[in-house]
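The structure under discussion appears below in the form of structure tokens.
The values are calculated or read from the model by the stated rules, or taken from the named source; none is laboratory data. What you see is a predicted model, and the numbers here were worked out from it, not measured in a lab. As a convention, Cβ positions derive from the backbone with ideal geometry for all residues, glycine included, and neighbour counts pool all protein chains shown.
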Amino acid sequence: MAVRTLRVTLNGTGFAAEYTAACYSLIPHKNGVVIELAGVTSGRLERAEAFARARGIRRAYASHGDMVAEVRPDIDNICCANYAHGPYVREAAKAGVPVIVLEKPPIIWPGYAENREAPPAVRTQETMAAFAEVLDAVRLGGSRLLYAEDFVYLDGIKGFVELLGEAIPRGKGRILYQRGTCAHQGSHAVAYDTPSQSGGGALFNKACHPLGPCLYLKQAEGILRDGRPIRPRRVAGVAMQVLKHQPLSAGEHFRVMQNVDDFGRLTVVFEDHTIAEVLGHDLSISGIRNEVSIIADFGQYDLRVNPNNENELFLPDGQVAGNLLFREKLPTPQGTSFPRPNQFHSHGYVNEINDAVECALEPGRAPQSGPMLAWDTLAVLMAGYESSAAGGQFIDLQPYLKAREFEPWELPDPRRFGAVFQRRG
């Protein structure tokens, strides 16, 4: 059997790079395929070198451009701070990288780099114009962009797509209302509380997670039934700083943000008049909370991703657990907890990386979470801040959605998402 080697590079050495590197060793087995972690780069070479030594990566590079030019990877993972996403995607596309995996959110407002101010509506317009240039570079380079929203790749979301595939031929399959949450006590990343590096707070960096599957499922519904995706039409949002305005004692168990919002809410109305509501906040004292709920015309599906009571643990003394982390951001193992084994899989990361590998192995294959999802997500998030500044009024998304056409080869095929359920008989 001929052996094919897929060369993989990583740009970043933080939390996102950590789980990305780990997931390449966890994807489903594929005969005749070897995955080589061929390069890593970081803002500081010494950090990249340490990351490479610890994970068996072939070489550390001083710059992303040098790395993709020398390695010529099959997959390049952009998992660095948000402000660098756009330039590195363009570099990867110019180098002809077949599959570019872009962490969320896609890019931030370009005005931050120029140290200027602008009204929220102008920020939305300029951000979408800048992202259009990024996506143009991806097209020109013949690359495929996988927007790395792990919530899209949850097993439960894959299962719901299977349900849609069964319900639609039977005259059902309309998603009416979706609700989702992503929350914890505040990101540990230094860049998070720096708008010029993160682009925003809880609305931008946490609400984006449940927003992703809500947008994707409406895409899938429309494609499966009518051959075209259903897209968002308007959005209302709220972004607030809560802990900053409380006494110091109130922030004991949280990272108190000084410069970005720690609470965000979005209400999205789709072009078929259905609704999604998502929350992102830094006010969860008990660790991460990842939840999605879907109500359709044929049933309701609730995804309790984390915490999930499938496993229950009681420890009268938390010290016996050493440095084990039973679920992401859990502040203490003492008392009763609900451990989440194999979090990289349960949070969708393994399925996400497997999609990237499948796309690298099959040149005509489009990622399930692709450029349209990245575009619509960014439009909703930026317009959400615009809405918050206007007192929560609805913002029309049509100017941004009409501004860019997506080619058929850029759209997902939900029929190829994969199966998670068994079949009777």
Could you look through the stretch 313-336, keep only residues that are among the charged types (D, E, K, R) and surrounded by 11 or more Cβ atoms within 10 Å (Cβ to Cβ), and pick out the one that is nearest to the chain's Cα centre (by Cα)?
-> 328
Looking at (1) assigned to a helix (DSSP H, G or I); (2) under 26 Å from residue 362 (Cα atoms), which is the only condition residue 145 fails?
-> (1)
Would you point out the residue of the stretch 281-311, among those that are β-branched (Val, Ile, Thr) and under 17 Å from residue 338 (Cβ atoms), that is surrounded by the fewest Cβ atoms within 10 Å (Cβ to Cβ)?
-> 285
Exclusive hit being surrounded by fewer than 23 Cβ atoms within 10 Å (Cβ to Cβ) and without any contact (Cβ under 8 Å) to a residue 24 or more places away in the chain, set 425, 364 = 425
Among the strands (runs of 3 or more DSSP E) confined wholly to the stretch 1-79, which include 3 or more residues that are surrounded by 14 or more Cβ atoms within 10 Å (Cβ to Cβ) and in contact with a Phe, Trp or Tyr (Cβ under 6 Å, 6 or more places away or on another chain)?
-> 33-41
Within the stretch 128-150, can you find the residues that are buried (at least 20 other Cβ atoms within 10 Å of the Cβ) and under 18 Å from residue 379 (Cα atoms)?
-> 128, 131, 134, 135, 145, 146, 147, 148, 149
Kindly indicate whether any position in the stretch 136-145 is out of contact with any strand residue (DSSP E or B) (no Cβ under 8 Å at 6 or more places or on another chain), closer than 30 Å to residue 390 by Cβ, at pLDDT 95 or above and among the aliphatic types (A, V, I, L, M).
-> no
Among the residues of the stretch 293-338, count how many are without any contact (Cβ under 8 Å) to a residue 60 or more places away in the chain and under 30 Å from residue 216 (Cα atoms).
-> 13
Starting from the stretch 278-292, take each residue that is among the hydroxyl-bearing types (Ser, Thr, Tyr) and list its partners that are crowded, with 24+ Cβ neighbours inside 10 Å and assigned to a strand (DSSP E or B), counting only C-beta distances under 7 angstrom and pairs at least six apart or across chains.
-> 284/183
From the list 385, 400, pick out the single residue that is in a helix (DSSP H, G or I), over 16 Å from residue 131 (Cα atoms) and among the hydroxyl-bearing types (Ser, Thr, Tyr).
-> 385
If only one of 212, 159, 237, 227 is without any contact (Cβ under 8 Å) to a residue 12 or more places away in the chain and either assigned by TED's automatic domain parsing to the domain that holds residue 88 or not hydrophobic (A, V, I, L, M, F, W, C) (or both), which one is it?
-> 227
State whether one or more residues within the stretch 58-67 are within 25 Å of residue 217 (Cα to Cα), at pLDDT 95 or above, more than 18 Å from the chain's Cα centre (by Cα) and among the aromatic types (Phe, Trp, Tyr).
-> no
